[in-house]
Each structure stands twice: as structure tokens, then as C-alpha cells.
Amino acid sequence: MSNLASAGRYAKALLDVAIKQADPVRAEEDLSAFAELVAQNPELRTVLENPAVPAPSKRAVVEQLVARAKPAPPVGKLLMLLAERDRLVLLPDLAAAYRERLLDYQNIVRADVVTALPLPDPQAKQLEEKLAGVTGRTVRMTTRIDPTIIGGLVAKVGGTVYDGSVATQLRRMRERLIENA
């Protein structure tokens with residue numbers, strides 16, 4: 001089984017338990033904080049991800065970190081389980097998978113919007129509301145600027161891309177002209 005698939009299964013289990021026994025948002029914060037701690041500390045990451053380091057040693061390190069950080073109980077138990085099974089290498093993927101599952105549980109979808117020029121706040125708010133109407137979910141929108149699209153916008157909402165860019169329209173027009181020539 002791939003790391004992404006394993007991380008997805010652990011994320012699903014954590015969300016199920018967090019919904020019943022704890023605050024799922026706090027669980028996400030705690031899991032992300034632990035994953036960030038490991039990512040930012042090369043020595044710690046080396047110890048926790050090195051297959052040559054025995055699992056009981058990793059468990060002892062994680063136990064001390066959990067005792068200090070005091071994460072939500074389901075997160076602490078999961079971290080200990082990952083250490084025992086020598087699966088701490090899954091942490092970055094697990095944190096990302098849990099975040100996505102939590103957003104889905106909260107009925108929130110991410111929208112990445114690309115425009116040629118900065119989007120004024122009133123227009124950004126209006127676009128966010130329209131995307132919420134189309135998806136039937138709360139939209140968390142991020143914007144970035146890419147002058148190569150010339151005008152219009154490209155919105156990626158979940159797995160769907162809405163491409164209303166001038167660059168794409170010009171490319172399609174060119175393809176039709178070449179096809180008809």
C-alpha cells in the first residue's frame with residue numbers, strides 16, 4: 001500500500017475518532033503542529049524516519065514530545081501508534097489528508113483563483129459567493145496573479161477547473177482557425 005493510501009486511512013480513522021471524542025479542528029491543529037515540528041527539525045526528522053533506529057526508541061522520543069505538547073488525546077494516541085509501527089514517515093501526508101477530510105466534513109471547499117490583475121475585494125467576495133452557490137459549499141478562496149492569462153480568470157474548485165481566461169479563449173480560437181483552414 002502506498003504512503004498516500006496509508007495516510008488517507010489513518011486520516012479517516014483520526015477524523016472518525018476526533019468527531020466522537022474530541023474537537024476535530026483541534027486535532028488538525030495538533031497534528032499539523034507536530035508534523036511541522038518534525039519537518040523543521042532535521043535531527044528529529046532523521047531519528048524518527050530512519051529505519052535503522054529501532055521503533056521502541058522512536059516511541060520513547062514521541063512519548064516525550066507528546067507529554068510536552070499535550071495534543072488532543074486521539075492525536076497523541078495516533079502519534080504513539082505511528083511510532084510503534086515505524087510509520088512516522090507518513091506525518092506530512094497524514095496531516096494533509098486529515099486537513100482535506102476535515103474541510104470535507106465541515107462542508108468547505110478550497111478555490112484557487114488566478115487572475116491577470118489583482119482582484120478588488122468586492123469582486124473577490126462576489127466571486128466567492130458565486131462559487132459557493134455553484135458548489136453548494138462554503139468556499140475558502142485564495143487568489144494569485146498570473147499576467148500570462150491576459151484577462152479573465154481561472155478558478156480551481158476542488159477537482160474542477162473553470163477556465164475563463166482570455167489566453168485559453170485565444171488558443172481555442174487559433175485551434176479552430178487552423179482546423180478550418
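Of note:
- For segment 40-54, the count of residues that are small (G, A, S) and assigned to a helix (DSSP H, G or I) is zero.
- Pairs with Cβ under 8 Å, 6+ apart, first in segment 119-136 and modelled with pLDDT under 95, second assigned to a helix (DSSP H, G or I) and surrounded by 12 or more Cβ atoms within 10 Å (Cβ to Cβ): L119/L127
- Subset of segment 16-71 (residues that are under 24 Å from the mean Cα position of the chain (by Cα), surrounded by 14 or more Cβ atoms within 10 Å (Cβ to Cβ) and among the β-branched types (V, I, T)): V17, I19, V38, V62, V66
- If you check A27, A22 for being under 30 Å from R137 (Cβ atoms), hydrophobic (A, V, I, L, M, F, W, C) and at pLDDT below 90, only one passes: A22.
- Residue, farthest from D104 (Cα to Cα), within segment 125-181, restricted to residues that are charged (D, E, K, R) and in a loop (DSSP other than H, G, I, E, B): D146
- Only one of the numbered conditions (1) closer than 30 Å to P54 by Cβ; (2) part of a helix (DSSP H, G or I); (3) touching a residue at least 40 places away in the same chain (Cβ under 8 Å) is violated by P71, and that is (2).
- Test for D93: is it part of a helix (DSSP H, G or I), within 20 Å of R9 (Cα to Cα) and either touching a residue at least 24 places away in the same chain (Cβ under 8 Å) or not assigned by TED's automatic domain parsing to the domain that holds V139 (or both): yes
- The set of residues from segment 79-115 being surrounded by fewer than 20 Cβ atoms within 10 Å (Cβ to Cβ) and among the aromatic types (F, W, Y) comprises just one member, Y105.
So that you can scan it fast, the table gives a plain yes or no per residue for (1) loosely packed, with under 12 Cβ neighbours inside 10 Å; (2) charged (D, E, K, R):
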| residue | (1), (2) |
| --- | --- |
| Q126 | no, no |
| T138 | no, no |
| T143 | no, no |
| G151 | no, no |
| V157 | no, no |
| Y162 | no, no |
| T168 | no, no |
| R174 | yes, yes |
| I178 | yes, no |
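The values are calculated or read from the model by the stated rules, or taken from the named source; none is laboratory data. All figures in this text were calculated on a predicted structure; none of them were measured in a lab. So basically every Cβ, Gly included, is an ideal-geometry build from the backbone, and we count neighbours across all protein chains shown.
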